[in-house]
Amino acid sequence: MFKRREKRGTGRIILEAVYPPGGWGRAFNYMYHRLKRLPDPPHRIARGMAAGIFISFTPLFGLHFFMAGFIAWLLRGNVVAAIFSTFIGNPVTFPLIAAGSMFTGNFLLGRESLFHFHVLMLAFKKASGELWWNMMSIFNGTEAHWENLAEFNHEIFVPYMLGGAINGLIVASAAYALAHPVIDAYQRRRSRLLKQKLQARLKIRSGAMVK
């Protein structure tokens, strides 16, 4: 009953992950309305959004959902809002986020920042593959190699993490400051409209009973 009428091929799944049906504008509009309508106080929703945005600036790829939810839980924010907000990091924005994070991190470390996004992604792919190999070497007896991972950690991960944490904190703080009053105003307006509709229905019912 709940299966798709048309099965999606692998190519279509990958394409929709990079570019959702209807475009990123429609996807962000959907998430915006979902966030506004979450049944939670504005400050909790705003905290969740800040947590999701912050973690999206870190190089912890594959862990953004879990880390965002965990940080939101620590901050007593809305976990769903945190997970939704991680979509601020998407194929369109990741090059900008990565460039800004690497620049800030290298600047603070006193290094020259030479950034090429495709080279950075290949480095992460290679590092994750080598990490998996080394983990499997515990069970299959193959030789583990940590030299390349050590270089990756020093040259890429540390500056990305440092710069991403700082940039993410700035953007997340700004997002909280903007989201809190907007969500608060929306919830107040929505509550007022619902009360008006309820009062109108009660008047109609009372008029019908009098007749």
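Bear in mind these aren't lab numbers, they're just calculated from the coordinates by the rules spelled out. Note that the structure is predicted; figures quoted are calculated from it, not measured. Heads up, the Cβs are rebuilt from the backbone with ideal geometry, glycines too, and the neighbour counts pull from every protein chain shown.
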Sparsely packed GluC sites (Glu not before Pro) within segment 67-163, loop by DSSP, other Cβ within 10 Å at most 12:
GLU112, GLU143
Loop only per DSSP, at most 13 neighbouring Cβ atoms within 10 Å: give me the chymotrypsin sites (Phe, Trp or Tyr not before Pro) in segment 126-185, ordered by residue number.
TRP146
Pull out the extension gain between HIS154 and TRP73, defined as 0.36 nm times the separation in residues minus the alpha carbon to alpha carbon distance; nm, one decimal.
26.1 nm
